[in-house]
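Since every read-out is calculated from the coordinates, none of them should be taken as a lab result. Because the structure is a prediction, the values reported are computed rather than measured. Neighbour counts are summed over all protein chains in view; Cβ atoms, including those assigned to glycine, are modelled from backbone coordinates with ideal geometry.
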Amino acid sequence: MTPPAHRATTANLGGAYPFVAGSTLGKKGVVVGRDLLGGTFCYDPFQLYNAGVLTNPNMVVFGQIGRGKSSFVKSYLWRQLVFGARSWIIDPKGEYCELAKACGTIPVKLHPGGNLRLNPLDPGSGESAIGMNEAGFDPGRDRQNSLLVSLASTCLGRQLLPGERTALELALGDATARCAGVPVLPLVVDALFSPSLSSARAVHIDRDALASEGRDVALELRRLVHGDLRGMFDAETTRGLSLDGQVVVLDLSAVYGSDALAAIMVCALAWLQAFMGKPGHSKLFIVIDEAWAIMANLSIARWLQASWKLARAHGIANMAIFHRISDMSSVGDEGSWQVGLAQGLLADSETRVIYGQSPGEVNLAQQDLSLSATEVQLLQRIGCGTALWKVAQRSFLVRHVLSAAERSMVNTDARMANDPRVYT
Ligand SMILES: Nc1ncnc2c1ncn2[C@@H]1O[C@H](COP(=O)(O)OP(=O)(O)OP(=O)(O)O)[C@@H](O)[C@H]1O
Ligand SMILES: [Mg+2]
């Protein structure tokens with residue numbers, strides 16, 4: 001015989017079934033979907049940070065292919081618009097164009113030989129644009145210098161030698177002096193091939209010797225100026241291009257899968273970084289979709305780490321999307337910088353959204369993500385659109401609900417179905 005129904009408040013049920021049904025995160029912020037243990041699931045990292053539930057607003061999303069990771073992120077950013085939040089998206093597969101269209105913005109599509117240019121040496125309008133401070137330290141110059149070092153070491157595939165690092169720093173000085181304004185990469189390459197007398201004297205060698213120190217770096221950077229990657233980062237930023245829109249999409253699909261993706265990401269991220277922390281800006285989400293593809297690059301991993309660490313200070317919530325949880329440990333050799341940075345990124349992301357995982361994967365990750373035995377089993381069974389949310393110490397099983405309008409915005413199956421609207 002079925003026992004009679006019993007009704008109780010969620011507060012009483014929480015007491016009656018401790019560790020089974022916890023309290024919700026509250027009703028503030030964006031509605032994500034249904035909490036499968038009851039009720040509506042709402043989430044806003046800024047609200048939760050202010051309420052002391054989270055100590056950082058960053059999020060990592062994991063999930064096998066096609067589980068709904070990008071769909072969740074797209075619709076979440078769309079819903080956040082109502083709350084005045086903006087977003088900058090690094091879109092390696094070119095699938096955020098529908099979201100951009102719905103928000104009335106045009107994705108910035110970068111491709112070699114294209115019409116759009118981003119100057120990675122742009123001073124931007126963020127904190128580093130202020131200029132030299134009283135102590136003679138210029139954060140803008142410092143940012144330009146570290147971008148060039150990252151870019152050169154990414155292109156060379158190794159750390160720079162002391163002589164190369166110095167030649168690059170002096171070339172930046174020469175390029176700035178020669179244009180009396182904001183330098184562009186072609187000027188830096190020219191200055192590497194042909195340094196000034198004063199630069200050579202500064203390091204007590206002659207001009208030919210300094211040019212020879214910087215030659216390998218010059219030859220690699222030349223690829224972005226005259227070689228196969230020209231036409232993206234080799235001139236002033238295209239007029240009218242701004243990061244002030246509600247949703248800014250950097251579409252890198254034209255170079256996804258190319259060996260140059262990392263170098264292009266370094267330039268694109270440097271350009272975004274110049275505009276971070278702009279005074280008066282509202283809360284901002286920075287999204288790196290397909291982050292697993294670029295984490296192995298040390299320069300990018302370092303940039304991500306800096307962005308994650310600065311999140312609170314700049315009012316930024318970072319979101320990075322990975323496939324497998326082991327992506328975090330497979331980005332480099334055991335004990336390597338890359339693995340250390342990836343683990344740091346995980347530690348600095350107090351919200352973890354985990355979609356379905358394979359059995360081997362989830363057993364491996366149990367410890368890294370502090371998963372209970374029940375959660376491990378669940379992750380092997382949940383289907384598309386449902387995820388385990390770990391928010392600080394708490395867990396929720398959430399079914400992400402899409403509206404009819406959102407469904408067409410997030411549909412990536414169209415490509416599989418040979419939809420003529422895509423790939424014409
Ligand atoms: N909550 C949901 N409800 C219904 N359908 C969904 C839901 N989430 C995603 N889908 C559908 O599943 C398909 C795959 O989703 P999506 O592209 O977001 O997966 P993904 O995890 O980002 O995949 P990939 O790893 O290939 O990038 C989409 O076409 C989308 O329409
Ligand atoms: Mg995706």
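Things to note:
- Shape category assigned to the chain from the gyration tensor of Cα positions, a/c cut at 1.5: prolate
- Straight-distance candidates among the aspartates and glutamates for linking to LYS283, with alpha-carbon spacing under 19 Å and chain neighbours fewer than 8 residues away dropped: ASP44, GLU127, ASP244, ASP348, GLU350.
- For a label point 7 Å along the Cα-to-beta-carbon line of LYS28, residues of the range 40-64 with backbone N under 17 Å: 41-58
- Residues whose amide H comes within less than 5 Å of that of ASN119, counting only those at least five positions distant or on another chain, are THR237, THR238 (H built at 1.01 Å from N in the peptide plane).
- A cut-off of 5 Å between modelled amide H atoms, ignoring neighbours fewer than 5 places along the same chain, links VAL248 with SER87, TRP88, ILE89.
- Whole-Hz ³J(HN,Hα) from phi, Karplus 6.51 cos²θ - 1.76 cosθ + 1.60, for the range 54-69, glycine and proline x: 10, 9, 8, x, 7, 9, 10, 10, 10, x, 5, 4, x, 8, x, 5
- Inter-part distance where the range 270-343 and the range 133-193 are each reduced to a Cα centre, Å: 23 Å
- Ranking of VAL225, VAL73, VAL376 by count of other Cβ atoms within 10 Å, fewest first: VAL376, VAL225, VAL73
- Virtual spin-label span in nm between GLN343 and ARG7, 7 Å along Cα→Cβ: 5.2 nm
- Derived scalar couplings between HN and Hα for the range 222-239 equal 4, 4, 7, 10, 10, x, 5, 9, 5, x, 10, 10, 10, 7, 4, 4, 3, 4 Hz in order, rounded to whole Hz, by the Karplus curve 6.51 cos²θ - 1.76 cosθ + 1.60 (θ = phi - 60°), x for Gly and Pro.
- Taking chymotrypsin sites (Phe, Trp or Tyr not before Pro) as exposed when DSSP calls them loop and at most 10 other C-beta atoms lie within 10 angstrom, the chain has its longest site-free stretch at 138-422.
- Between LEU364 and HIS111, the modelled labels are 3.5 nm apart [label points 7 Å from Cα along Cα→Cβ].
- With q set to 0.08, 0.09, 0.19 Å⁻¹, the log10 of I(q)/I(0) for the range 113-281, from the Debye formula over equal scatterers at the Cα positions, is -0.24, -0.30, -1.29.
- 222 nm mean residue ellipticity, helices alone, for the chain (DSSP H n ≥ 4; -39,500 (n - 2.57); rounded to 500): -11500 deg cm²/dmol
- Sorted by Cβ neighbour density within 10 Å, fewest at the top, the residues ARG223, ARG324, ARG67: ARG223, ARG324, ARG67
- Exposure rule at most 16 other beta-carbon atoms within 10 Å, DSSP loop GluC sites (Glu not before Pro): the chain longest free segment: 1-133
- Net charge of Cβ neighbours under 11 Å - reference LEU151; Lys, Arg +1; Asp, Glu -1: 0
- Relative contact order for the range 95-241, counting Cα pairs under 8 Å that sit 6 or more residues apart, in percent: 32 percent
- Converting phi to 3J(HN,Hα) with the Karplus coefficients 6.51, -1.76 and 1.60 and the offset θ = phi - 60°, the range 109-123 yields 9, 9, 8, x, x, x, 8, 8, 10, 10, 8, x, 8, 3, x Hz in sequence order, with x at every glycine or proline.
- Proxy reagent accessibility, fewest Cβ within 10 Å first, across ARG143, ARG207, ARG165: ARG207, ARG165, ARG143
- Placed amide H near LEU36: partners under 5 Å, 5+ positions off or other chain: LEU397, VAL398, ARG399
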